[in-house]
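Note sheet for the following structure.
Bear in mind that the values in this text are calculations on the coordinates, not laboratory data. A quick note: this is a predicted structure, and the numbers were derived from the prediction, not measured. Positions of Cβ are backbone-derived with ideal geometry, glycine not excepted, and every protein chain shown enters the neighbour counts.
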Amino acid sequence: MDLVLGASGHVGRTVARRLLEQGRAVTVVLHRPEQAAEWSARGASVVVLDVHDTPSLTAAFSKVRRAFLLNPPASPSLDVDNEERRTVHSILRVVQGASLEKIVVQSTYGAQDNPHCGDLGSLYAFEQGARETGVPLCVMRAAYFMSNWFGALSTARQSGVFPSLLPKDFKAPMVAPEDVGELAARLLVSSVEETGTYSIEGPETYTPEDVATALSAVLERDVTVDEIPRSRWPEFYHSHGFCSEAAQSYVTMTGIFVDGRYDRPRTPLRGATDLQICLRHQASISSR
Ligand SMILES: NC(=O)c1ccc[n+]([C@@H]2O[C@H](COP(=O)([O-])OP(=O)(O)OC[C@H]3O[C@@H](n4cnc5c(N)ncnc54)[C@H](OP(=O)(O)O)[C@@H]3O)[C@@H](O)[C@H]2O)c1
């Protein structure tokens, strides 16, 4: 039995679908009960739980041999650094006690040992803790998700403008989360000897101006970027529902990314999906 944590999310849904298509027995872990019927209809066993609930998570892992693990992004209304370490701890306690032959862990470009830099810090802790379990492990370090721009689709559809904390002409490695999910599904079913760290980004780098061009094509209207200067990042995060601790942590994370204060992989794997295709696909889903 394979298990997919966060199967309703951007990455998890592709992982679970690919495993089911191969005829594998799959348990999907969901957070909201209303999503259960859709996955049962696809042939999955369904468990609905909160990852803070270690006993329920333990029960879900009882017959599982391989697992795709992600740490759910915490609500920014909470202290994300504490919250995300709590969920990392809960997940890893369960992995430690389960009889697993292989795990695939979702991480990020820029993962680093720093207590207050958003998921760069919490996913580094996740990687380290997963190594310490001794279970054969594939870590996937993914670039900036193209799905981070899905909010810009609705903003730009209405106003023709979307905000960007990244400078307009900043070339960033980005990847479609579906491509990350494809890689995760492949690594999960491959030999237990196939382990290690895998970095993945998309076919090319993109600037926020490229995002505006892609949105213009998808929405068939002029779209421009409103660049938020660094001095206004804290205010921007606060105005989007972040508490003070979360805003500070995300400001630090954004600075690390924009300043390139991390080791960029020299020979990453490359997903095939380009930015415009990814945004077009999302626009077609959200207009249904
Ligand atoms: N955004 C980026 O640029 C980026 C880059 C690299 C890596 N990552 C990391 O990749 C991972 C996956 O990201 P994603 O975009 O696929 O996330 P996502 O779409 O938000 O998916 C998260 C999944 O976890 C579920 N979930 C949320 N809270 C939960 C809880 N308390 N208990 C159980 N399940 C819960 C969600 O269910 P509901 O939606 O139903 O609540 C959803 O299925 C995250 O760890 C993220 O930090 C992100």
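Per-residue answers, yes or no, for (1) more than 9 Å from the ligand (Cβ to nearest atom); (2) of a type in the set (A, V, I, L, M); (3) farther than 23 Å from M140 by Cβ; (4) in a helix (DSSP H, G or I):
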position: V15; (1), (2), (3), (4): yes, yes, no, yes
position: L20; (1), (2), (3), (4): yes, yes, no, yes
position: R24; (1), (2), (3), (4): yes, no, no, no
position: E38; (1), (2), (3), (4): yes, no, yes, yes
position: D50; (1), (2), (3), (4): no, no, yes, no
position: V64; (1), (2), (3), (4): yes, yes, no, no
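Being among the small types (G, A, S) and more than 20 Å from P203 (Cα to Cα) is the filter here, so list the residues in the range 245-288 that pass it. Step through it out loud before you land on a result.
Kept after step one, since they are among the small types (G, A, S), are these residues of the range 245-288: 246-247, 249, 255, 260, 271-272, 283-284, 286-287.
A246, A247, S249, G255, A283, S284, S286, S287 - these are the residues of the range 245-288 that are among the small types (G, A, S) and more than 20 Å from P203 (Cα to Cα).
Taking the condition of being part of a helix (DSSP H, G or I), among the aliphatic types (A, V, I, L, M), farther than 14 Å from P76 by Cα and in contact with a Leu (Cβ under 8 Å, 6 or more places away or on another chain), how many residues in the range 207-247 meet it?
Number satisfying all stated conditions: 5.
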Selection from the range 40-56 of residues that are under 20 Å from the mean Cα position of the chain (by Cα) and crowded, with 21+ Cβ neighbours inside 10 Å: V51
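Find the residue count for the range 165-198, including only residues that are of a type in the set (D, E) and more than 17 Å from the chain's Cα centre (by Cα). Can you show your working first?
We begin by selecting, within the range 165-198, every residue of a type in the set (D, E); these are 169, 178-179, 182, 193-194.
Filter once more, so that each one left must be more than 17 Å from the chain's Cα centre (by Cα): 169, 193-194.
Matching residues across the range 165-198 total 3.
Out of the residues in the range 1-50 that are in contact (Cβ under 8 Å) with a residue 12 or more places away in the chain and among the acidic types (D, E), state the one that is nearest to Q106 (Cα to Cα).
Step one: list which residues in the range 1-50 are in contact (Cβ under 8 Å) with a residue 12 or more places away in the chain, which gives 1-20, 22, 24-33, 35-36, 39, 42-50.
Okay, now just the ones that are also among the acidic types (D, E), so 2, 50.
Numbers: D2: 16, D50: 18 Å.
Step by step, filter the range 1-50, then rank; the result is D2.
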Sole exception among (1) crowded, with 20+ Cβ neighbours inside 10 Å; (2) within 25 Å of T267 (Cα to Cα); (3) more than 14 Å from the ligand (Cβ to nearest atom) for D113, by number: (1)
Search result, residues across the range 151-171 that are closer than 21 Å to G9 by Cβ and within 12 Å of the ligand (Cβ to nearest atom): G151
Which listed residue, of F162, F145, is of a type in the set (F, W, Y) and over 13 Å from the mean Cα position of the chain (by Cα): F162
